[in-house]
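This report concerns only the one structure given below.
The values are calculated or read from the model by the stated rules, or taken from the named source; none is laboratory data. Being a predicted model, the structure only gives us computed values, none of them experimental. With ideal geometry, Cβ positions are generated from the backbone for all residues, glycine too; neighbour counts draw on all protein chains shown.
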Amino acid sequence: MDPIDIETVADPDLREPVLVEGLPGVGHVGKLAAEHLLEEFESTLVRRVYADEFPPQVDVDDDGVASLTHASFHAVDLSSPTPTDVDDDDEAEEADDDTDENPEGDALADGGEVDEAKDGEETEDDDETEDDDPGTVPTDRDLLVLTGNHQAGSNKGHYQLTEAFLDVAEGFGVEEAYALGGVPTGELIEEHNVLGAVSEPELTDSLSDAGVAFRGDEPAGGIVGVSGLLLGLGGRRDLDVACLMGETSGYLVDPKSAQAVLETLELQLDFRVDFAALEARAEEMEEVVSKIQQMQEGSGAGPSDEELRYIG
């Protein structure tokens, strides 16, 4: 095998594609966010990227089938309904006067229900809602989502792999990219702010409007790994690249931070995604968080600064 081997699985035509990277890092924030997109929207595996910089191992699926570890690119159709949307549409047809079953922001179900139930004034209100909240209208752009279970094992490998990832993205016509990750706070938090970094100064305006905070010298020590190199190497290729980093304790997998990052991406790219699965996973983590809080109160100590170093 070559040091980097890119396998072509499919070659779909994508509509103004946007690269979204979510590889393992602090709190698995980026990986959780990327995988949630793949679960909630119709997606197609288009590339597998193998590299001798990945650990010498295979991944084994639920059926016991092994595959050489790799990174994957999926094409994601943001106009495809989520499973929740489909279920709600069916419920709307059976009881078109019951809107409580629709998740907040489910424009397809809400809009269809109003059309079937009432005319005139109610329809105008629906139109006004769409104008006020354009995110309820499915976008006509596609995503190219990069995720996997590992990052490179060396500095040189990080550069080589990121260049290969960018080659794949540009091959699909990508001109805009978002690296997703987490930034450690060193303590358990309730509110997960999203920090940002960009390849060009003019990119900060729309992200600031979406609630992204830009703080000088944060994260401390800079952004390393693929997320950081997408900014640096992608910028040198004249791509518009932003890194969205959800604040997280750094102690454990953080679905709440992943949701905060995705909510920002929603506003930026004008689409909607259902968060029920992430919210359920966050609830499962509450017991773990409670135990960590008890440990902190008992010892007053948490992980070291080195353990919390940001790796995107």
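Numbers below:
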{"item": "Residue match in the range 32-45 (condition: more than 15 Å from the chain's Cα centre (by Cα) and of a type in the set (Ser, Thr, Tyr))", "result": "yes"}
{"item": "Residue match in the range 188-197 (condition: touching a residue at least 40 places away in the same chain (Cβ under 8 Å), in contact with a Pro (Cβ under 8 Å, 6 or more places away or on another chain), over 19 Å from Ala71 (Cβ atoms) and not small (Gly, Ala, Ser))", "result": "yes"}
{"item": "Among the residues listed as Ala164, Ala179, the single one being closer than 30 Å to Glu7 by Cβ and either surrounded by fewer than 16 Cβ atoms within 10 Å (Cβ to Cβ) or over 19 Å from the mean Cα position of the chain (by Cα) (or both)", "result": "Ala164"}
{"item": "Wholly enclosed helices (runs of 4 or more DSSP H) of the range 213-312 bearing at least 3 residues modelled with pLDDT of 95 or more", "result": "226-236, 255-269"}
